[in-house]
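What follows is a single structure, written as structure tokens, with notes after it.
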Amino acid sequence: MQRVAKMPDIEKKPSQNDADACRSLMNLPPLGMDEEAISYDFRRYFAHTLGRDNHCTSSHYPYKALAFAIRDRLVERWKLTRASYEDSDCRRTFYLSLEFLMGRALSNAILNLDVDEPVKEAFLNLGVNLEDIRESEPDAGLGNGGLGRLAACFLDSCATLQLPVRGYGLRYEYGMFRQHIANGQQVEDPDHWLRDGNPWELERPEYTQRIKFGGHTEHLNGRVRWVDTQDVLAVPYDLPIPGYRNNTVNTLRLWKAAATDEFNLDEFNAGSYTESVEAKNDAEHITMVLYPNDASENGKELRLRQQYFLASASLRDVIREWLGGHSEFETFADKHCFQLNDTHPSISVAELMRQLMDEHGLSWDRAWEISSSTMAYTNHTLLPEALERWPVKLFQCLLPRLLEIIYEINARFLSEVALRWPGDTDRLRRMSLIEEGHEPMVRMAYLAIVGSFSINGVAALHTELLKKGLFHDFYELWPERFNNKTNGVTPRRWLAACNSGLRQLLDETIGNGWISDLPALAKMEKIADDNSFQRKWQKVRLANKQRLAKMVKLECNVEFDTDAMFDVQVKRIHEYKRQLLNILHVIHLYSRIKRGETDNWTKRCVLIGGKAAPGYDMAKLIIKLINNVARVVNKDRQVGNLLKVAFVPNYRVSAMEIIAPGTDLSEQISTAGKEASGTGNMKFMMNGAVTIGTLDGANIEILEEVGEANFFLFGLTTEEVEAMRSHYTPNAMIEQDSDLKQVMQLLESGHFNQFEPGIFDPIIESVRSPYDPWLTAADFRNYVVAQEQAAEAFQDTKRWTRMSIINSAKSGRFSTDRTMEEYNRDIWHLDKMTPSTSVF
């Protein structure tokens with residue numbers, strides 16, 4: 001008989017005795033929030049839980065001990081928050097996202113708990129360097145770029161606003177990758193961020209879910225069974241999300257994939273060690289790596305597995321909780337909203353239908369009524385290729401029951417379209433959830449739209465372009481479903497925590513209410529010209545630039561002069577974000593210096609950073625060009641301190657927390673009509689950087705706030721971009737512009753790749769191509785003019801300081817607190833819940 005090592009029974013429910021025992025254990029006095037109590041708990045964890053003494057030389061263990069001490073205080077508030085939601089049976093929102101780029105948790109938790117001073121005092125008395133401890137915390141590898149960071153900001157604001165919102169994501173063992181630069185090229189290393197464990201998480205194995213893949217369906221007497229499946233367990237791990245000094249702690253629940261059978265004991269005893277753990281390894285692949293490269297069929301299958309795994313586990317968890325206190329689904333829709341963060345979780349529409357019908361016996365009509373009134377979809381991209389599309393044959397193999405449901409949704413939906421537009425077969429083809437062709441594809445964004453009561457963009461321009469372009473047919477059918485929710489960032493992390501000098505100045509000048517009411521920064525407008533305030537502002541900015549220069553020296557081995565303008569572009573490397581345009585301008589500046597055109601020169605330090613997707617060859621080549629140009633410029637004695645260039649490797653949240661406060665000029669230069677919103681622009685603005693940018697994404701709304709006098713605008717508008725495409729002649733533009741012609745001559749002569757002939761030919765061809773979708777050459781001249789205006793303004797210290805102050809003062813609109821208030825007002829309709837604080 002085959003012997004298999006089994007996982008614990010996940011269906012076993014706790015007994016009444018278990019519940020009584022748990023209640024008796026909860027009767028504990030509240031933990032102290034003073035220096036003495038925190039110091040005691042830190043020393044206890046360090047000495048007893050971690051078993052360390054004064055011979056310990058690693059900062060990892062003091063970090064872990066402090067994290068445990070802080071987490072204990074979060075857990076007290078966490079349990080009370082959860083109890084307040086359960087006792088009130090309130091309406092709740094569940095935020096499904098494949099990414100949550102949380103960054104480091106320690107500083108944020110200390111700030112939000114209001115224990116920063118007691119912690120500083122405790123470690124001062126202990127003689128321990130608190131900054132070293134903070135720096136030893138790894139960045140959580142749960143996200144990649146703006147999408148994941150936005151999700152993290154949203155959760156922070158929901159907790160601060162005391163909204164009953166829970167996040168659902170995946171507990172990736174490895175982040176996307178750690179980037180290092182070798183010979184100017186991106187090299188991807190594994191980012192095993194969980195190697196030493198995560199002291200902030202709590203495993204919740206009692207809520208483990210079983211997720212199905214493969215198999216086939218059986219239809220009998222109007223019921224459907226999905227059978228012969230290969231099941232995987234979803235094990236939840238909870239992370240606390242503290243609100244700002246309000247005793248609310250919400251939850252981010254992350255799912256880890258595990259095998260139903262740990263290993264086959266007979267195989268192991270027979271010496272087949274690899275085969276004995278094959279099922280375990282196959283299951284764990286689902287949450288092994290954030291965003292596996294989907295260039296291969298195996299990669300595509302793994303991506304789809306991740307998306308379904310997240311959706312199925314999360315929905316099963318919500319229904320489990322619901323049935324714990326209710327016997328039917330009559331009021332389920334009144335109490336639940338599922339916010340889909342971009343297209344990745346859109347399979348949730350079909351999965352909720354499956355669970356309601358197949359597992360709980362609801363009719364199609366009743367299940368659709370519930371599903372379509374609880375799902376809400378946020379779109380984050382204007383790039384058609386970024387919308388999820390999966391081959392029908394992959395769905396048939398991996399998720400056969402889900403494909404049946406999608407076909408039925410599509411049939412019913414197209415009947416509605418046909419009634420509205422009789423005989424319009426082209427429209428039916430355009431709007432179908434199934435894209436016909438040589439290889440039929442499932443259009444996941446369309447599934448999200450059809451199955452959601454709300455569809456929102458993330459900036460005013462982005463939403464208008466969705467309505468006029470990408471989703472125009474759907475907008476004509478359901479205009480009432482479309483709305484805009486301009487993104488934001490949390491001021492707790494992106495100003496209060498990362499810019500302590502400015503935080504102290506603001507507290508002294510306008511009070512500390514701005515941390516939870518960012519529009520209060522507008523009070524600075526009245527003193528933007530005050531000489532005394534300007535001197536204090538300049539002092540803070542100098543300290544921040546010194547800190548950034550230190551990081552650049554450490555990570556890039558490039559000396560940045562703090563008297564120079566710090567010109568920064570850090571974000572995901574993509575052609576539409578136009579890091580290429582930035583480096584063409586750097587080459588232009590280099591060319592001017594070599595020609596001796598340095599009268600009235602503004603010294604400039606250019607910092608660029610970001611990761612390119614492993615399979616994105618052009619983006620990786622742009623990184624190589626940036627580094628080659630940097631090497632030539634930085635070694636040229638004639639250039640000296642007039643111009644420095646650095647590419648910061650492994651761009652991450654903790655790096656941005658140093659970069660944003662030290663930046664003078666924020667580069668937001670995407671081709672108009674391509675950036676959905678952007679949030680880096682908001683982080684820089686909040687910290688006093690001035691933007692140079694196009695009329696794209698949230699740049700438009702930033703410009704509306706600060707005015708043209710405090711923003712360096714350039715480039716074609718969205719309408720001009722579209723009009724130019726049919727007659728774009730970059731070669732003529734290059735010939736007519738002596739500066740651009742000189743830049744192209746330096747590139748084409750191999751000046752930056754003397755020992756690597758031809759390596760940059762694809763970039764040169766893209767700039768010269770009349771089919772360049774990013775219109776790089778078309779915007780070059782206006783970009784140079786705007787850069788000259790910025791350089792001139794920077795030389796006038798009083799003027800630049802005023803611009804910096806005004807940008808920060810006008811950033812109140814871009815707090816995620818405002819964004820979340822709008823989501824709640826228009827989509828979620830949640831009541832704010834205040835946990836009991838009597839125990840504190």
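The orientation-averaged shadow of the Cα convex hull for the range 538-583, equal to a quarter of the hull surface, comes to 4.0 nm².
Between R223 and E321, what's the calculated FRET efficiency when r is the beta-carbon distance and R0 is 25 Å? Round to 0.05.
Details: r = 25 Å, r/R0 = 1.00.
E between R223 and E321, to the nearest 0.05, is 0.50.
Compute the accessible area per residue over the range 342-462, keeping the other protein chains in place, probe 1.4 Å, unit Å². Intermediate results must be reported in sequence, preceding the final value.
On the way: 4220 Å² over 121 residues.
Heavy-atom accessible area per residue stands at 35 Å².
In order along the range 215-232, phi translates into HN-Hα couplings of x, 8, 10, 10, 10, 8, 6, x, 10, 10, 10, 9, 10, 6, 8, 9, 8, 10 Hz, rounded to whole numbers, per the Karplus curve 6.51 cos²θ - 1.76 cosθ + 1.60 with θ = phi - 60° and x for Gly and Pro. Solvent-accessible surface of the range 726-840, taken per residue with a 1.4 Å probe and all protein chains present: 45 Å². Among residues other than D599 with Cβ under 14 Å from its Cβ, the summed charge is 0 (Lys and Arg +1, Asp and Glu -1).
Run the helix sum for the chain: -39,500 (n - 2.57) per DSSP H stretch of 4+ residues, divided by residue count, reported at 222 nm to the nearest 500 deg cm²/dmol. Before the final figure, lay out each step's value.
Working: 34 runs with 374 residues, N = 840.
Mean residue ellipticity at 222 nm (helix-derived): -13500 deg cm²/dmol.
Couplings for the range 434-450, taken from phi via the Karplus curve 6.51 cos²θ - 1.76 cosθ + 1.60 with θ = phi - 60°, read 10, 8, 6, x, 4, 10, x, 10, 8, 8, 6, 5, 5, 4, 4, 5, 5 Hz in order; Gly and Pro are left as x.
Residues whose amide H comes within less than 5 Å of that of M565, counting only those at least five positions distant or on another chain, are K603, R604, C605 (H built at 1.01 Å from N in the peptide plane). For the residue pairs K280/K300; K536/K624; K536/K810; K485/K620; K300/K683; K539/K683, the alpha carbons lie more than 29 Å apart in K536/K624; K485/K620; K300/K683. Segment R430..H829, full-extension length gain: 140.3 nm, with 0.36 nm per residue of separation and the alpha-carbon distance subtracted. In this structure the range 60-138 gives 35 Å² per residue of accessible area when probed at 1.4 Å with all protein chains present.
How would you classify the range 633-778 from its alpha-carbon gyration tensor, with a ≥ b ≥ c the square roots of the eigenvalues: rounded for a/c under 1.5, else prolate if a/b is greater than b/c, otherwise oblate? It is oblate, given that a/c is not under 1.5 and a/b is not larger than b/c.
Within the accessible area of the range 69-111, the carbon and sulfur atoms contribute 49%, probe 1.4 Å, all protein chains present. The packing ranking, built from the mean of other Cβ atoms within 10 Å per residue, places the peptides 235-243, 820-828 in the order 235-243, 820-828, highest first. 3J(HN,Hα) along the range 616-626, derived from phi through the Karplus expression 6.51 cos²θ - 1.76 cosθ + 1.60 where θ = phi - 60°, amounts to 9, 5, 5, 4, 5, 5, 5, 4, 4, 4, 4 Hz, with x in place of Gly and Pro.
Solvent-accessible area assigned to carbon and sulfur over the range 400-480 amounts to 53 percent, based on a 1.4 Å probe. The heavy atoms of T509 present about 60 square angstrom of accessible area, all protein chains included, probe 1.4 Å.
Sorting E464, E704 by solvent-accessible area of protein heavy atoms yields E704, E464, largest first, with a 1.4 Å probe.
Net charge of the neighbourhood of T729, taken over other residues with C-beta under 13 Å away and scored Lys/Arg +1, Asp/Glu -1, is -1. Report the percentage of all Cα-Cα pairs in the range 574-655 whose separation exceeds 17 Å, rounded to a whole percent. Percent of Cα pairs beyond 17 Å in the range 574-655: 48.
In the range 581-660, carbon and sulfur make up what percent of the accessible area (probe 1.4 Å)?
On the way: 1140 of 2480 Å².
That fraction is 46 percent.
Straight-line cross-link partners of K468 among the aspartates and glutamates, defined as a Cα under 17 Å from its Cα and at least 8 positions apart when in the same chain: E476, E480, E675, D696, E719, E720, E722. For the range 577-607, the residues whose amide N sits under 11 Å from a probe point set 7 Å from the Cα of H751 along the beta carbon direction are 587-596. If R0 equals 60 Å, the separation of the Cβ atoms of H48 and E792 corresponds to a calculated FRET efficiency of about 0.45. Projecting the alpha carbon convex hull of the chain along each direction and taking the average yields 39.5 nm². In this calculation the C-beta distance from T331 to N600 is compared with R0 = 60 Å, giving a FRET efficiency of 0.25. Basic side chains Lys and Arg get +1 at the Cβ, acidic Asp and Glu get -1 at the Cβ, and with that the dipole of the range 159-256 about its Cα centre reaches some 420 debye.
Seen from every direction in turn and averaged, the convex hull around the alpha carbons of the range 395-545 projects onto 14.8 nm².
Placing dummy labels 7 Å off each Cα toward the beta-carbon, the span from N125 to L419 is 7.2 nm.
Answer rounded, prolate or oblate for the range 275-376, using the Cα gyration tensor with square roots of eigenvalues a ≥ b ≥ c: rounded when a/c is under 1.5, else prolate when a/b is larger than b/c, else oblate. Please list the in-between numbers first.
Numbers: a/c = 2.58, a/b = 1.87, b/c = 1.38.
It comes out prolate by the Cα gyration axes.
The values are calculated or read from the model by the stated rules, or taken from the named source; none is laboratory data. The structure presented is a predicted model; accordingly, all values stated were derived computationally and were not measured. Here the Cβ is made from the backbone with ideal geometry for all residues, glycine too, and neighbour counts use every protein chain on show. For accessibility, only protein heavy atoms count, side chains too; no ligands or nucleic acids. Shrake-Rupley method; radii C 1.70, N 1.55, O 1.52, S 1.80 Å.
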